[in-house]
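The values are calculated or read from the model by the stated rules, or taken from the named source; none is laboratory data. Predicted, not measured: the structure shown is a model, and the values here were computed from it. Virtual Cβ from ideal backbone geometry, glycine too; neighbours counted across all protein chains shown.
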Amino acid sequence: MSYLHRFPVTTLKIDRSFVGNMSTDAENFEIVRTVITLAHTLSMEVVAEGVETVEQSMQLKSLGCELGQGYLFSKPLDRKAAEAMLKNRICWNLGPSDTQRLPACAP
């Protein structure tokens, strides 16, 4: 925590171990909620690591988490595939059902 004031940090990352268990462990959920609140209080963005389910993504979004990474969005990519994904602005917005994923990006 002391590094938050020593370095020009603009984003906090939530470890996958907390994200993966936040649906079944109330303590992990509270840790995730607290980290998001702390980050926002310090005018930082939050990225959640290891997002694998729509439920996790929806919970994180409801808590105000701006960014996520994990198998829900894409498998690990090599450099060329990652560059193509960024160049083509491919991203995912979650649909209204728990199992629906819709590709969409604003231009």
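Laid out as a table, the results:
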| item | result |
| --- | --- |
| Residue within segment 24-34 that is touching a Leu at 6+ places or on another chain (Cβ under 7 Å) and at pLDDT 90 or above present | yes |
| Hits in segment 36-46 (condition: at pLDDT 95 or above and touching a strand residue (DSSP E or B) at 6+ places or on another chain (Cβ under 6 Å)) | 36 |
| Of all residues in segment 11-23 being modelled with pLDDT of 90 or more and small (Gly, Ala, Ser), the one that is nearest to residue 73 (Cα to Cα) | 20 |
| When residues of segment 35-81 are limited to those that are loosely packed, with under 12 Cβ neighbours inside 10 Å and either hydroxyl-bearing (Ser, Thr, Tyr) or touching a Phe, Trp or Tyr at 6+ places or on another chain (Cβ under 9 Å) (or both), the one nearest to residue 16 (Cα to Cα) | 71 |
